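The values are calculated or read from the model by the stated rules, or taken from the named source; none is laboratory data. Note that the structure is a prediction, hence the values are computed from the model and not measured. Neighbour counts run over all protein chains shown; Cβ positions are idealised from the backbone, glycine included. For accessibility, only protein heavy atoms count, side chains too; no ligands or nucleic acids. Shrake-Rupley method; radii C 1.70, N 1.55, O 1.52, S 1.80 Å.
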Amino acid sequence: MADIEPLISAYAELYLELTRKLDRRMASEGASLARTKLLLCLQKRGPMRGTDVAELFGLAPRTITEAIDGLERDGLVERQPDPTDRRAKLIRVTGKGIEAAATTEPMRRQFVSQIFGVLDEQEQAALLGMLRRLIAAIPDS
């Protein structure tokens with residue numbers, strides 16, 4: 001088998017550079033990549049409990065609480081009482097949060113299209129197939 005270290009390194013470099021530069025650009029326009037993902041999730045699914053958001057993203061509840069605290073401080077989300085459980089709060093996107101996501105999401109799409117646009121459709125399809133095979137090869141445990 002060939003030495004796969006250069007492949008692993010190149011994949012990691014692509015991922016890190018792509019997310020780092022994209023995050024920086026999006027943050028300068030109002031919402032980082034992580035914030036935009038959270039805002040879009042809440043827009044699509046409607047108000048959710050923080051614990052449900054954490055589970056959906058596979059993160060610790062404390063991590064999501066900190067993210068929500070920051071979004072709330074910036075006026076992008078608000079907490080409201082959960083009508084089905086008075087101990088819980090639902091997280092809802094505000095108008096300002098909707099605007100922030102509306103600004104940054106098209107930027108994300110354009111940036112990603114620019115990067116992956118260097119590949120023709122056949123190359124993109126081949127890469128997608130290879131990535132899916134690699135994902136499927138990851139053990140569950």
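Can you tell me which residue among GLU66, GLU105 is open to solvent by less than 80 Å² (accessible area, probe 1.4 Å), of a type in the set (Asp, Glu) and not in a strand (DSSP E or B)? Before you say what the answer is, go through the steps one by one.
Numbers: GLU66 fails: open to solvent by less than 80 Å² (accessible area, probe 1.4 Å).
Criteria check complete, one pass: GLU105.
Taking ARG79 as the residue in question, decide whether it is modelled with pLDDT under 95, not hydrophobic (A, V, I, L, M, F, W, C) and not in a helix (DSSP H, G or I). Lay out the reasoning, then the answer.
On the way: modelled with pLDDT under 95: no; not hydrophobic (A, V, I, L, M, F, W, C): yes; not in a helix (DSSP H, G or I): yes.
No: the conditions fail for ARG79.
When you scan region 69-94, how many residues do you find that are within 15 Å of LEU39 (Cα to Cα), touching a Lys or Arg at 6+ places or on another chain (Cβ under 7 Å) and either surrounded by 15 or more Cβ atoms within 10 Å (Cβ to Cβ) or hydrophobic (A, V, I, L, M, F, W, C) (or both)?
Step one: list which residues in region 69-94 are within 15 Å of LEU39 (Cα to Cα), which gives 69-79, 90-94.
Keeping just the survivors that are touching a Lys or Arg at 6+ places or on another chain (Cβ under 7 Å) gives 71-72, 75-79, 90-91.
Next, from what is left, pick out any that are either surrounded by 15 or more Cβ atoms within 10 Å (Cβ to Cβ) or hydrophobic (A, V, I, L, M, F, W, C) (or both): 71-72, 76-79, 90-91.
Adding up the residues that qualify gives 8.
Would you confirm whether any residue within region 113-122 is of a type in the set (D, E, K, R) and without any contact (Cβ under 8 Å) to a residue 12 or more places away in the chain?
Let us first name the residues in region 113-122 that are of a type in the set (D, E, K, R), namely 120-121.
Now restrict to residues that are without any contact (Cβ under 8 Å) to a residue 12 or more places away in the chain: 120-121.
Yes, that holds for at least one residue.
Residues are listed down the side, and each one gets a yes or a no for (1) in a helix (DSSP H, G or I); (2) under 14 Å from the mean Cα position of the chain (by Cα); (3) among the acidic types (Asp, Glu):
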position: ALA2; (1), (2), (3): no, no, no
position: ALA10; (1), (2), (3): yes, no, no
position: LEU18; (1), (2), (3): yes, yes, no
position: LYS44; (1), (2), (3): yes, yes, no
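Would you point out which residue out of ALA88, ALA102 is of a type in the set (Gly, Ala, Ser) and free of Cβ contacts under 8 Å to residues at least 12 places away in the same chain?
Details: ALA88 fails: free of Cβ contacts under 8 Å to residues at least 12 places away in the same chain.
Exactly one of ALA88, ALA102 is of a type in the set (Gly, Ala, Ser) and free of Cβ contacts under 8 Å to residues at least 12 places away in the same chain, namely ALA102.
May I ask you to list the residues in region 115-129 that are part of a helix (DSSP H, G or I) and open to solvent by 100 Å² or more (accessible area, probe 1.4 Å)?
First, the residues of region 115-129 that are part of a helix (DSSP H, G or I): 115-116, 121-129.
Matches in region 115-129: GLU121, GLN122.
Any chance region 24-34 includes a residue that's closer than 26 Å to GLN110 by Cβ, part of a loop (DSSP other than H, G, I, E, B) and either open to solvent by 70 Å² or more (accessible area, probe 1.4 Å) or among the charged types (D, E, K, R) (or both)?
Within region 24-34, the subset closer than 26 Å to GLN110 by Cβ is 24-34.
Those left that are additionally part of a loop (DSSP other than H, G, I, E, B): 29-32.
In the following step, the residues that additionally are either open to solvent by 70 Å² or more (accessible area, probe 1.4 Å) or among the charged types (D, E, K, R) (or both) were identified as 29.
Taking every residue of region 24-34 in turn, at least one turns out to be closer than 26 Å to GLN110 by Cβ, part of a loop (DSSP other than H, G, I, E, B) and either open to solvent by 70 Å² or more (accessible area, probe 1.4 Å) or among the charged types (D, E, K, R) (or both).
Go through ALA2, ALA10, ALA60, ALA54 for me and flag whichever is closer than 30 Å to LEU134 by Cα, exposed (fewer than 13 other Cβ atoms within 10 Å of the Cβ), touching a helix residue (DSSP H, G or I) at 6+ places or on another chain (Cβ under 7 Å) and without any contact (Cβ under 8 Å) to a residue 12 or more places away in the chain.
Numbers: ALA2 fails: touching a helix residue (DSSP H, G or I) at 6+ places or on another chain (Cβ under 7 Å); ALA10 fails: touching a helix residue (DSSP H, G or I) at 6+ places or on another chain (Cβ under 7 Å); ALA54 fails: exposed (fewer than 13 other Cβ atoms within 10 Å of the Cβ).
Going through ALA2, ALA10, ALA60, ALA54 in turn, just one is closer than 30 Å to LEU134 by Cα, exposed (fewer than 13 other Cβ atoms within 10 Å of the Cβ), touching a helix residue (DSSP H, G or I) at 6+ places or on another chain (Cβ under 7 Å) and without any contact (Cβ under 8 Å) to a residue 12 or more places away in the chain: ALA60.
Just to verify a result, which residue in region 46-63, among those that are in a helix (DSSP H, G or I) and closer than 20 Å to ASP23 by Cα, is farthest from the chain's Cα centre (by Cα)? Break it down stepwise before answering.
Kept after step one, since they are in a helix (DSSP H, G or I), are these residues of region 46-63: 50-57, 61-63.
Add one more test, that the residue is closer than 20 Å to ASP23 by Cα, and what stays is 57, 63.
Details: PHE57: 9, THR63: 14 Å.
Here the residue is THR63.
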